[in-house]
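So the structure is just underneath, and the comments pick up after that.
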Amino acid sequence: MGNGKDEAPELRRDSPLAPDVAPVLARHLAMMRAASPPESVHALPADALAGPDVAFYSLRAGGQVLAIGAIRRIAPGHHEIKSMHVVAEARGRGLSRRMLGHLIAAARADGARRISLETGIEDAFIPARALYAAAGFAPCGPFGDYGPDPHSVFMTRALD
């Protein structure tokens, strides 16, 4: 198995239940739980990410899963970004931007006119909030099934 650094990562539709995805999802959930109080962790477990309203993707190189991301239909014309994560060893290579661009394009292709997300207010989420702002997301109020949460930042953008 290679280290994934020498080949271009392949972005593909995937299953959150795939055995090699499980460790990446576990790392993601552990990071969310370490950064936010339990009542403010809104990341979905693998079985929920495998639901019919979710499209799950991975970026792989050298036989390794480097990043994951998902979009979920939450209302007609409205999608949410869920569980986007790049493993620490692969950060700094533009994989987050690539995954985010793909998720936006996939939502648009699925008929979304708006895409929203929830992320944390804690310092661990500063890079994520900067990435989303650079991609045109702006702060908004809670959406979908979310309520006000002092540990959450809600962001949205229209899709042309």
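The values are calculated or read from the model by the stated rules, or taken from the named source; none is laboratory data. Just so it is clear, the structure is predicted and the values come from calculations on it, not from any experiment. Cβ atoms come from the backbone with ideal geometry, glycine included; neighbour counts cover every protein chain shown.
A few comments on the model shown:
- Beta carbons closer than 7 Å, at least 6 apart along the sequence or on distinct chains, pair a first residue in segment 93-116 that is on the phi < 0 side of the Ramachandran plot and of a type in the set (Gly, Ala, Ser) with a second that is assigned to a loop (DSSP other than H, G, I, E, B) and modelled with pLDDT of 95 or more for ALA107/LEU159; ALA112/GLY77; ALA112/LEU159; SER116/PHE143.
- Selection within segment 65-94 - surrounded by fewer than 19 Cβ atoms within 10 Å (Cβ to Cβ) and under 20 Å from ALA8 (Cα atoms): VAL87, ALA88, GLU89, ARG91, GLY92, ARG93, GLY94
- Residue count for segment 52-64, restricted to those that are modelled with pLDDT of 90 or more and surrounded by 13 or more Cβ atoms within 10 Å (Cβ to Cβ): 9
- The helices (runs of 4 or more DSSP H) found wholly in segment 43-160 and carrying at least 2 residues that are within 26 Å of GLU7 (Cα to Cα) occupy 95-109, 126-134.
- Single match in ALA130, ALA105 (criterion: out of contact with any Phe, Trp or Tyr (no Cβ under 6 Å at 6 or more places or on another chain) and farther than 18 Å from ALA55 by Cβ): ALA130
- Qualifying residues in segment 116-160 (those that are surrounded by fewer than 18 Cβ atoms within 10 Å (Cβ to Cβ) and in contact with a Leu (Cβ under 7 Å, 6 or more places away or on another chain)) - the one farthest from MET31 (Cα to Cα): ALA135
- Test: residue in segment 25-43 that is modelled with pLDDT of 85 or more and of a type in the set (Ser, Thr, Tyr): no
- Of the residues making up segment 1-24, those that are among the small types (Gly, Ala, Ser) and modelled with pLDDT of 90 or more are SER15, ALA18, ALA22.
- In segment 40-62, residue nearest to PHE154 (Cα to Cα) [restricted to those that are more than 15 Å from the chain's Cα centre (by Cα) and touching a residue at least 40 places away in the same chain (Cβ under 8 Å)]: SER40
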